[in-house]
Each structure stands twice: as C-alpha cells, then as structure tokens.
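Engineer: Can you read through this structure? Questions will come right after.
Where a number appears in this text, it was derived from the coordinates with a stated rule and is not lab data. Since we're looking at a predicted model, the values are computed, not measured. Virtual Cβ from ideal backbone geometry, glycine too; neighbours counted across all protein chains shown.
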Amino acid sequence: MTARTEQSRALVTAAMDALAKGDSRPFYEAWADDIAWRPMTVGVWGKVHHGRKAARDALFVPLREQYATTYTNAPERIFADGDFVFVECQGAVTLKSGKPYNNTYCFVIQMKDGKMVEVREYLDSALSEAVLEPFPE
C-alpha cells in the first residue's frame, strides 16, 4: 500500500465514521472547494453539482429540510487505491412525512491534495423518487 492510498483511506474513513454517528461536518470539510458531486442517475436526482457551496446549498440543505431525525450514513466497506476511495454505505433517516429514507450507496471518491475533488454517488434512485419531495428547478 502506498502512503497516498493510506492517506486517502484514512481521511474518508474518519469522515464516514463521523457521518455514521450523525456528524456531517468532517465529511463536508473533506470536500475541495471545486468538488464535483455526481449522482449517477437521471431525472430529478441526476443533476451534477459543481463547487462545495453549490453542492451544499442546492442538494444537501434542501434534503436536510425534509429530515425529521438525524441523518446517518454508515460505511460497510471502504476500499482505496491511490487517489480513489470506494465506499459502500447505508444511509438512514426518517422524513418529516413519517417515511423512512434508508438508501444504499456506493461512493466513488477521487482525492487530490487530501480533499475530495469528485464524488460519484450510486444510489437507489427509485427509492429517492418514491419518498423524497423533489426540489424546485
């Protein structure tokens, strides 16, 4: 294992361990200012978000407004190779509608200089469309 691989794995593991406990700050702080957040789906949930502030404001703030409980996302497996980290994880939250939103994800994270520069988010988009309120365009 290279030092770069271990550094990438350690940073993402720490961020995911905090997210599993409901603390999203380390995950957000690991994003580069010019991050590209790419949901690997089409439709309402397939919009690519460029930039840390844009991804937060256009995607994550509106999502959090739908949550009735603290969102957690627990890693099941984390693999790393150089600047790439692959995370299989399980999200869990109850929405204000009373519905559970417990989605399964695979994040393919590209790192550069100790920051996440791209996250490709694979998820169950049918579940997202079924239980989440779509955002205004």
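Engineer: Might you report the magnitude of the Cβ-based charge dipole of the range 3-129 about its Cα centre, with Lys and Arg at +1 and Asp and Glu at -1, to the nearest 20 debye?
Structural biologist: About 260 debye.
Engineer: Let me have the 222 nm mean residue ellipticity of the chain computed from DSSP H runs of 4+ only, each contributing -39500 (n - 2.57), with the sum over all residues rounded to the nearest 500.
Structural biologist: Here the helix-only value at 222 nm equals -7500 deg cm²/dmol.
Engineer: What's the extension gain from A54 to F135 if we count 0.36 nm per residue and subtract their Cα-Cα distance?
Structural biologist: Contour length minus the Cα-Cα distance gives 27.8 nm.
Engineer: Which number gives the lysine pairs in the range 3-129 that have C-alpha atoms under 25 Å apart and are eight or more places apart or on different chains?
Structural biologist: Taking the Cα cut-off of 25 Å, the pair count is 11.
Engineer: Moving on. Between K96 and E6, what FRET efficiency follows from the Cβ-Cβ distance if R0 is 35 Å, with the result rounded to 0.05?
Structural biologist: In this case the efficiency is close to 0.30.
Engineer: Taking K and R as +1 and D and E as -1, what net charge do the other residues with C-beta under 13 Å from the C-beta of D17 add up to?
Structural biologist: It works out to a net charge of +1.
Engineer: Next question, about the same structure. If you rank E29, E121 by fewest surrounding Cβ atoms within 10 Å, what's the result?
Structural biologist: Lowest to highest Cβ neighbour count: E29, E121.
Engineer: What residue among V44, V12, V117 shows peak mean-square fluctuation when the chain is described by a Gaussian network model with Cα springs under 10 Å?
Structural biologist: The residue with the greatest mean-square fluctuation here is V44.
Engineer: Mind listing the long-range amide H neighbours of T41? Cut-off is under 5 Å, sequence gap 5 or more, other chains count too, H placed in the peptide plane at 1.01 Å from N.
Structural biologist: none
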